[in-house]
Amino acid sequence: MTLRELGEHIEQYFIEVIRERRKGPFDSFVKGFLFVASRFYLRAINTRIWLYDNRVIRNRAIGCLVVSIGNLTCGGTGKTPIVEIFARTLSQKGRRVAILSRGYRSRDKRGFFEKLGKRLFSKKKKFPRCIVSDGKDLLQDSITAGDEPYMLASNLKDVAVLVDKDRVKSGLYAIDEFKTDVLILDDGFQYLRLKPHINIVLVDSTSPFDNHHVLPRGLMREPIEHIQRADYIFLTKSDGSPRLRHLKEFIHKHNHRAEIIECCHRPKYLEAVFDRGRRYPLTSLKGKKLASISAIAKPASFEFFLEELGGELVLKRHFADHHRYRQQEMIDFINDAKAAGAELIVTTEKDAVRMPRLDRRDIDIQFLRVEIDILSGQESFDQCISRICFI
């Protein structure tokens with residue numbers, strides 16, 4: 001077992017404890033420890049935000065319009081398609097857009113001396129760690145870029161995608177090098193160093209605030225009341241039902257000024273993982289025996305889509321969020337899928353970019369392309385886009 005795999009197992013264990021799936025004596029002890037740790041985390045978070053609010057620590061304005069898109073919780077809200085729809089719409093409106101990501105779980109392939117040389121001799125211009133796309137060409141693989149930045153860069157033309165933990169640095173580079181006039185902070189709600197003009201927060205309507213505890217006792221990055229910083233709130237994975245009225249009322253108690261936009265993630269088509277561009281209609285799933293494989297925060301919604309589209313799931317396999325598949329894992333899964341009688345393997349688009357290329361073609365592997373549909377609040381979305389375009 002590699003260190004990465006060990007880390008994934010530990011992460012999975014803590015998630016099961018947090019969600020009350022483990023209830024043994026040791027698990028109860030761990031839960032108590034996590035609760036105490038979460039009190040310290042909460043104090044640290046509140047102190048940090050107070051320091052920025054009271055200008056003890058000053059955030060930066062870098063001469064460009066900044067749109068932050070992020071979460072209160074750790075993953076699972078369906079953020080990447082929202083970032084994509086904003087970037088695409090703004091680009092179509094004539095804005096020069098760059099997406100700034102920290103590149104979660106990406107790998108820096110540069111050697112020690114290359115990094116040192118960049119620091120010592122690149123004084124005039126500070127280069128970001130990774131330029132995934134310059135708006136014209138895809139310049140990195142998914143290992144270096146991280147799965148989400150790579151996926152965004154693959155799907156968006158005329159939009160630059162940059163990866164660096166220091167998004168002030170990558171933002172200044174984008175402005176200077178690509179003449180960017182709109183910066184989108186991917187997962188930017190907690191990134192306080194760069195002052196946003198518009199703050200967008202996503203809330204998963206199926207599990208809005210998890211167990212309401214902050215890290216590490218829960219999966220909240222910040223307490224619920226901090227949603228007051230948001231200008232627009234997207235309720236993702238909505239089914240448009242009246243039950244969401246209570247959730248909206250709850251949100252409005254903490255933020256009465258933000259516009260609330262309901263949206264859902266809608267399957268659009270299937271595409272071959274190892275032959276990009278070869279697409280299939282959703283109707284091709286009907287009546288088929290499927291094997292699903294995924295490494296995302298909340299796989300249940302993905303598997304629900306497959307069954308709703310008429311597929312029969314004969315095998316389901318989950319890995320830790322952002323898991324990078326090994327060749328042998330995929331070979332073993334293909335063998336298990338065939339043994340279970342599967343006619344097709346289906347995964348998510350985010351998983352597809354993390355899969356090693358396979359030579360065998362005895363069973364097809366496709367990913368489900370999902371896009372955002374706005375169910376209510378289209379006027380608010382259009383207003384938000386106009387506001388960005390004319391600031």
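The values are calculated or read from the model by the stated rules, or taken from the named source; none is laboratory data. Being a predicted model, the structure only gives us computed values, none of them experimental. Note that we place each Cβ from the backbone using ideal geometry, even for glycine, and neighbour counts take in every protein chain shown.
Right, Glu225: of a type in the set (Asp, Glu), touching a helix residue (DSSP H, G or I) at 6+ places or on another chain (Cβ under 7 Å), over 21 Å from Cys384 (Cα atoms) and surrounded by fewer than 17 Cβ atoms within 10 Å (Cβ to Cβ) or not?
Values: of a type in the set (Asp, Glu): yes; touching a helix residue (DSSP H, G or I) at 6+ places or on another chain (Cβ under 7 Å): yes; over 21 Å from Cys384 (Cα atoms): yes; surrounded by fewer than 17 Cβ atoms within 10 Å (Cβ to Cβ): yes.
Yes.
Which residue out of Glu271, Glu177, Glu225, Glu249 is assigned by TED's automatic domain parsing to the domain that holds Ala352 and not in a loop (DSSP other than H, G, I, E, B)?
On the way: Glu177 fails: assigned by TED's automatic domain parsing to the domain that holds Ala352; Glu225 fails: assigned by TED's automatic domain parsing to the domain that holds Ala352; Glu249 fails: assigned by TED's automatic domain parsing to the domain that holds Ala352.
Sole residue among the options that is assigned by TED's automatic domain parsing to the domain that holds Ala352 and not in a loop (DSSP other than H, G, I, E, B): Glu271.
Which count do you get for residues in the range 288-302 that are charged (D, E, K, R) and closer than 20 Å to Asn335 by Cα? Step through it out loud before you land on a result.
Here is the first cut: in the range 288-302, the ones charged (D, E, K, R) are 288-289, 298.
Those left that are additionally closer than 20 Å to Asn335 by Cα: 288-289.
Here the count works out to 2.
Regarding Tyr13, is this residue part of a helix (DSSP H, G or I), in contact with a Leu (Cβ under 8 Å, 6 or more places away or on another chain) and surrounded by 12 or more Cβ atoms within 10 Å (Cβ to Cβ)? Break it down into steps so the answer makes sense when it comes.
Numbers: part of a helix (DSSP H, G or I): yes; in contact with a Leu (Cβ under 8 Å, 6 or more places away or on another chain): no; surrounded by 12 or more Cβ atoms within 10 Å (Cβ to Cβ): yes.
No: the conditions fail for Tyr13.
A quick yes/no check of all residues on (1) closer than 19 Å to Asp373 by Cβ; (2) surrounded by 15 or more Cβ atoms within 10 Å (Cβ to Cβ); (3) among the small types (Gly, Ala, Ser):
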residue	(1), (2), (3)
Asn255	no, yes, no
Pro267	yes, yes, no
Ala272	no, yes, yes
Asp275	no, no, no
Arg278	no, no, no
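Since Ile69 meets every condition but one in (1) of a type in the set (A, V, I, L, M); (2) part of a helix (DSSP H, G or I); (3) assigned by TED's automatic domain parsing to the domain that holds Leu215, which condition does it not meet?
So the condition that Ile69 fails would be (2).
If we keep just the residues of the range 16-28 that are in a helix (DSSP H, G or I) and under 23 Å from Asp321 (Cβ atoms), which is farthest from the chain's Cα centre (by Cα)? Outline the logic, then answer.
Initial filter on the range 16-28 (in a helix (DSSP H, G or I)): 16-18, 25-28.
Okay, now just the ones that are also under 23 Å from Asp321 (Cβ atoms), so 16-18, 27.
Numbers: Glu16: 21, Val17: 23, Ile18: 21, Asp27: 29 Å.
Applying the filter and picking the extreme gives Asp27.
Kindly list the number of the only condition in (1) at pLDDT below 95; (2) among the basic types (Lys, Arg); (3) not in a loop (DSSP other than H, G, I, E, B) that fails for Lys31.
(1)
Would you call Tyr150 over 17 Å from the mean Cα position of the chain (by Cα), hydroxyl-bearing (Ser, Thr, Tyr) and more than 16 Å from Ser68 (Cα to Cα)?
no
Given the criterion surrounded by fewer than 18 Cβ atoms within 10 Å (Cβ to Cβ) and on the phi > 0 side of the Ramachandran plot, identify the matching residue among His197, His212.
Numbers: His197 fails: on the phi > 0 side of the Ramachandran plot.
Sole residue among the options that is surrounded by fewer than 18 Cβ atoms within 10 Å (Cβ to Cβ) and on the phi > 0 side of the Ramachandran plot: His212.
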